[in-house]
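Worksheet: one structure, shown below.
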Amino acid sequence: GENVGLHLPTLSVQEGDNSIINCAYSNSASDYFIWYKQESGKGPQFIIDIRSNMDKRQGQRVTVLLNKTVKHLSLQIAATQPGDSAVYFCAIYGETSGSRLTFGEGTQLTVNP
Amino acid sequence: KAGVTQTPRYLIKTRGQQVTLSCSPISGHRSVSWYQQTPGQGLQFLFEYFSETQRNKGNFPGRFSGRQFSNSRSEMNVSTLELGDSALYLCASSLGGLADTQYFGPGTRLTVL
């Protein structure tokens, strides 16, 4: 199976700063990694994903970094805005680890104006 | 394109009853997966259906079951409800399965009294 841990349950940043949210995973056979954002009262919303054959992927203001050596995944949000305030989850999928999506516990990001 | 819809949005039941939740995926998506979200356990995978067949299953008791219809709509059933079943139940759809981007619905909030 897969265990997914998160380093910080809460993160508070100032508007305009960069935010970094982390995830650690246990199964080295995991091959698909996804970040979701969940706002209050809504379902998780896809942000960005990365496959195990890559170590970095960039989107609009977001970057995901994958370090397979230490089994660590991070989400970087540039120029954080108040609208980025939400809970962020990492999710990990691996066909050799049970073919299921395993979610981290979530980090509550608060952006202060 | 319409997103994933779930009905009902809110539900109150008593212990011992059963409940059926419904999920309509994004048009063209053949995979529907279900998740339970609670403050204590976070987001946990229940099961995934693809073309009317259950392909993957999480670690939940047999009281939790589901099915998928030929139009890809899915239902989840929980029998003999327990207080601990109170949760937000989310469904997600994707084109090909858990290794593809999951698009989540808003969830059904189930309260068991």
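The values are calculated or read from the model by the stated rules, or taken from the named source; none is laboratory data. Being a predicted model, the structure only gives us computed values, none of them experimental. Note that we place each Cβ from the backbone using ideal geometry, even for glycine, and neighbour counts take in every protein chain shown.
Annotations for the structure displayed:
- Within the range B:56-70, considering residues that are part of a loop (DSSP other than H, G, I, E, B) and within 14 Å of chain A (Cβ to nearest Cβ), the one surrounded by the most Cβ atoms within 10 Å (Cβ to Cβ): B:GLY58
- Hits in the range A:1-44 (condition: in contact with a Phe, Trp or Tyr (Cβ under 6 Å, 6 or more places away or on another chain) and over 17 Å from A:SER99 (Cα atoms)): A:ILE21, A:TYR36, A:LYS37, A:GLY43, A:PRO44
Results for (1) away from chain B (no Cβ under 13 Å); (2) not hydrophobic (A, V, I, L, M, F, W, C), shown as yes or no for each residue.
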site: A:MET54; (1), (2): yes, no
site: A:GLY59; (1), (2): no, yes
site: A:THR80; (1), (2): yes, yes
site: A:PHE103; (1), (2): no, no
site: A:PRO113; (1), (2): yes, yes
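- Hits in the range B:82-108 (condition: of a type in the set (A, V, I, L, M) and under 15 Å from the mean Cα position of the chain (by Cα)): B:ALA87, B:LEU88, B:LEU90, B:ALA92, B:LEU98
- Those strands (runs of 3 or more DSSP E) of the range A:6-113 in which 3 or more residues are of a type in the set (A, V, I, L, M, F, W, C) and surrounded by 14 or more Cβ atoms within 10 Å (Cβ to Cβ) occupy A:19-25, A:32-38, A:45-51, A:62-67, A:72-77, A:86-93.
- Among (1) closer than 29 Å to A:ILE50 by Cα; (2) surrounded by fewer than 14 Cβ atoms within 10 Å (Cβ to Cβ), the one test that B:TYR35 misses: (2)
- Lone unmet requirement of (1) away from chain B (no Cβ under 13 Å); (2) under 19 Å from A:THR110 (Cα atoms) for A:LEU65: (2)
- Of residues in the range B:77-103 being part of a strand (DSSP E or B) and hydrophobic (A, V, I, L, M, F, W, C), the one surrounded by the fewest Cβ atoms within 10 Å (Cβ to Cβ): B:LEU88
- Which numbered condition B:VAL78 fails, given (1) away from chain A (no Cβ under 14 Å); (2) modelled with pLDDT under 95: (2)
- Of the set (1) modelled with pLDDT under 95; (2) assigned to a loop (DSSP other than H, G, I, E, B); (3) under 24 Å from A:TYR88 (Cα atoms), all apply to B:PRO106 but (1).
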